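> Just passing along the structure, written as structure tokens.
Where a number appears in this text, it was derived from the coordinates with a stated rule and is not lab data. Computed from a predicted model, the values in this text were never measured in an experiment. Here the Cβ is made from the backbone with ideal geometry for all residues, glycine too, and neighbour counts use every protein chain on show.
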């Protein structure tokens, strides 16, 4: 009974209600466009989860969203507003891609070297903002946002004028060697893939996922599990989570804030660079393409996912799959019903706007009445790590400081 009550309270909480309202408003837009909303949403579900190919596309689309979402959550959870994952991931993809494409050598050496290079490039770009805050007091919120632009335009210039392959119709580099690529979980031309197609069928979800999703999903699973472990079982996880909740408390604990900001931005930027690279060398992608990462809009979708999930890794996985399903399903809906796939962007924006409105309105009314601000209730905590759980719409502090656990243990 207690579990049922908790589930009921969660269903009446801000997140489910905001999602439902967003879908209802999205249905109104479909009606205006002359499309039956029920048929539209059925096509969306079938296109994202109802077929093997749709499920594989949803999982593949969710990998960079969830991965970059974890990178953002590492920073936001510590009260560091890292809005620069687009630039960090872009430079990571560029640096790691250069290694993967142009450095000769066996794949067993080149692939790890490309990963290390991508992580280092993303981390260094993130560390610039941490140094600017620690030494000059420049807010990370501003510096990370602004540094997206030089990263974007430098990558574009380098690919267009230095790396462009004349034989390609795209403004892009040479192709990644097949042995350096992250292949599908089961290569499509392998004997095992042929056996799966003969026994289960080519459209079976198992066959489609194994032959349509590359090994980046395994790396993502490792990163998510690592984030959960760090949040719950390490000193850094304890300090960063507490810093995001109460900067003044950790300030008086005697721990210096500067090193925490440096570590946080290095980890956040490094993770962004890692998942940026996997967009370049993960099959079926084969080239560095000018503007590719910016056009995908993965970084900003990941930001919405992170806010919706309250910076929790498990929540980010769920929200990332939800947003990826909307994106893939809207493409399918566009093919079947002739509706613009931009409906996905509308629904995503509505979810965040309605969530912020639903959270802020009771607080505004309570403040006007002169009472204390109510805490969010009815939302079970699937990941009880310290974080800004009191208010999912609250903005973390700009200059976090850590707190030391007396015994070094962490939640």
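> Provide the descending list of Cα extents for region 31-181 along its principal axes, expressed in whole angstroms.
The Cα atoms of region 31-181 stretch 56, 44, 30 Å along their principal axes.
> In addition: Using alpha-carbon pairs under 8 Å, 6+ residues apart, how would you state the relative contact order of region 66-317 in percent?
Computed over region 66-317, the figure is 41 percent.
> Extension gain residue 116-residue 206, at 0.36 nm per residue separation less the Cα-Cα distance, in nm?
Length gained, residue 116 through residue 206: 29.2 nm.
> Taking 25 Å as R0, compute the FRET efficiency from the Cβ-Cβ separation of residue 9 and residue 248 and round it to 0.05.
0.20
> Over all Cα pairs of region 156-196, how is the pair count split among 10 Å bins, expressed in % and running from 0 up to the last occupied bin?
25, 30, 25, 17, 3
> Mind checking the log10 I(q)/I(0) for the chain at q = 0.08, 0.12, 0.15 Å⁻¹? Debye, one equal scatterer per Cα, no solvent, two decimals.
Calculated log10 I(q)/I(0) at the listed q: -0.47, -1.05, -1.47.
> Another question, then. Can you tell me the FRET efficiency between residue 175 and residue 2 if r is taken as the Cβ-Cβ distance and R0 is 51 Å, rounded to the nearest 0.05?
With R0 = 51 Å, the Cβ-Cβ based efficiency is 0.35.
> So what's the back-of-envelope 222 nm ellipticity for the chain, counting only DSSP H runs of four-plus at -39500 (n - 2.57) apiece and dividing by all residues, rounded to 500?
Helices in the chain give a 222 nm mean residue ellipticity of -22500 deg cm²/dmol.
> State, as an integer percentage, the relative contact order of region 1-132 based on alpha-carbon contacts under 8 Å between residues 6 or more apart.
Averaging sequence separation for qualifying contacts and normalising by length gives 14 percent for region 1-132.
> Follow-up. Using only alpha carbon positions, build the gyration tensor of region 179-238, then give the equivalent ellipsoid semi-axes as the square roots of 5 times its eigenvalues, largest first, whole angstrom.
After scaling each eigenvalue by five and taking roots: 34, 13, 6 Å.
> Calculate, in nm to one decimal, what residue 38 and residue 160 gain on full extension: separation in residues at 0.36 nm each, minus their alpha carbon distance.
Using 0.36 nm per residue and subtracting the Cα-Cα distance, I get 39.4 nm.
> Could you list log10 I(q)/I(0) for region 205-355 at q = 0.08 Å⁻¹, which the Debye formula gives when each Cα is one point scatterer?
Per q value, in the given order, log10 I(q)/I(0) is -0.31.
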